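Before any comments, here is the structure.
The values are calculated or read from the model by the stated rules, or taken from the named source; none is laboratory data. All figures in this text were calculated on a predicted structure; none of them were measured in a lab. Counting neighbours? That spans all protein chains shown, and the Cβs are built from the backbone with ideal geometry, glycine included.
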Amino acid sequence: MSSLKTDERVVFFTTDARRSDDGRSWTVPIHAWVHELDDTRARKAVFAAVLKKTYGLVPTPETAANFDDRVRLFVVDNERGKRVVIRLAGETFSLPPTEANGHATVEIQLDATVAAGAARDGTLEFTAVLPEGDERVFAGRVNLVEPDGLSVISDIDDTVKLTEVTDRAAMFDRTFFRDFEPAPGMPELYRRWARQGARFHFVSSSPWNLYKPLDAFLTGSGFPDRSVSLKLVRVKDKTILDLFRKGTETKPRQIVPILERFPRRRFVLVGDSGEQDPEVYAALLREHPQQIVRIYIRNVDGSVATDARYREAFASIDPERWTLFADPSGLELP
């Protein structure tokens, strides 16, 4: 059984399983985070004080609940040395002990016939095995992604979710205080692409701490099933103002493993013009020209495709392979 105390909880992050070359098995990655929620007012007050002093942001009656719920995710006590046991497809599997950050990962080999019998709509669901008498349910899911096909790797902030990353005050307001809002037309676009057979992998410079509210937002806004890759942050080592790193530092480390995990799939990259997505995506296309077949950039700053920035970023790249867009309704899969 999992070695979880009653005041500790585990969050499972949705991942993508890959089929073996001979088709007989699946490699199923499991990613867990064990932590204890901390209601210490002093630690929350530090967050509130920094945001008020730097940006004049304070909770209001309308935003107080959001602020409390989201800040709690940053002042958790990560639990080291915890063992998580899961029940998947009728079998039990144990993850290695959690590290200092509370995270643990493992790859499970699952027979293809067993996986097919347990899957629902291309997804495997599993739960943590808890001590006797613990009636809580901690569930996770894994998407079964075939070796061939088309995948969409999508940024989150300002691509599918309004974040205003280039305006620091607005970004922290939207991150910690306001309800999350979808970018206009993006849920409809991704649902249309999903009906055409695309699979989705979301990547972001946002920290793993925000996974639960982000996942709830994506589901509630009508985005298709997806995996999500965020970044690790230790709040003890950083101030709140250094939670979001530039995409040039985080995006390649998130995207390249997806490309390597599914070498035969074709990929569409979707990002925005607010920060470094055009430059990062163009560089990745040059490195993986057979896999990356199209780039779409959501225009959030009023730029035009003939600007020097895009001429430099996409130099020597076929213009048919990238698009700067404002209205997503006309975008098509290649």
Test Val304 against the stated conditions and say whether it is in a strand (DSSP E or B) and modelled with pLDDT of 95 or more.
-> no
Exclusive hit being surrounded by fewer than 21 Cβ atoms within 10 Å (Cβ to Cβ), assigned to a loop (DSSP other than H, G, I, E, B) and at pLDDT below 95, set Arg245, Arg264 = Arg245
Scan the stretch 56-77 residue by residue and report those that are closer than 18 Å to His103 by Cβ and aromatic (Phe, Trp, Tyr).
-> Phe74
Looking only at the stretch 95-124, count how many residues are in contact (Cβ under 8 Å) with a residue 12 or more places away in the chain and in a strand (DSSP E or B).
-> 11
List pairs: first in the stretch 5-24 and in contact (Cβ under 8 Å) with a residue 60 or more places away in the chain, second in a loop (DSSP other than H, G, I, E, B), Cβ under 6 Å, 6+ apart or cross-chain?
-> Glu8/Glu79; Val10/Val84; Val10/Phe138; Arg19/Pro147
What strands (runs of 3 or more DSSP E) lie completely within the stretch 1-69 and have 3 or more residues being among the charged types (D, E, K, R)?
-> 15-19
Gly122 is checked against (1) modelled with pLDDT of 95 or more; (2) closer than 29 Å to Glu146 by Cβ and fails just one. What number does that condition carry?
-> (1)
So is Ala32 hydrophobic (A, V, I, L, M, F, W, C), closer than 30 Å to Arg87 by Cα and either assigned by TED's automatic domain parsing to the domain that holds Phe93 or free of Cβ contacts under 8 Å to residues at least 24 places away in the same chain (or both) or not?
-> yes
Enumeration of residues in the stretch 36-60 that are small (Gly, Ala, Ser), in contact (Cβ under 8 Å) with a residue 24 or more places away in the chain and crowded, with 16+ Cβ neighbours inside 10 Å | none
Scan of the stretch 100-127 for residues that are of a type outside the set (Ser, Thr, Tyr) and either in contact with a Gly (Cβ under 8 Å, 6 or more places away or on another chain) or assigned by TED's automatic domain parsing to the domain that holds Tyr211 (or both), ordered by number | Ala112, Val114, Ala118, Glu125, Phe126
Those residues of the stretch 1-17 which are surrounded by fewer than 20 Cβ atoms within 10 Å (Cβ to Cβ) and of a type in the set (D, E, K, R) amount to Lys5, Asp7, Glu8, Arg9
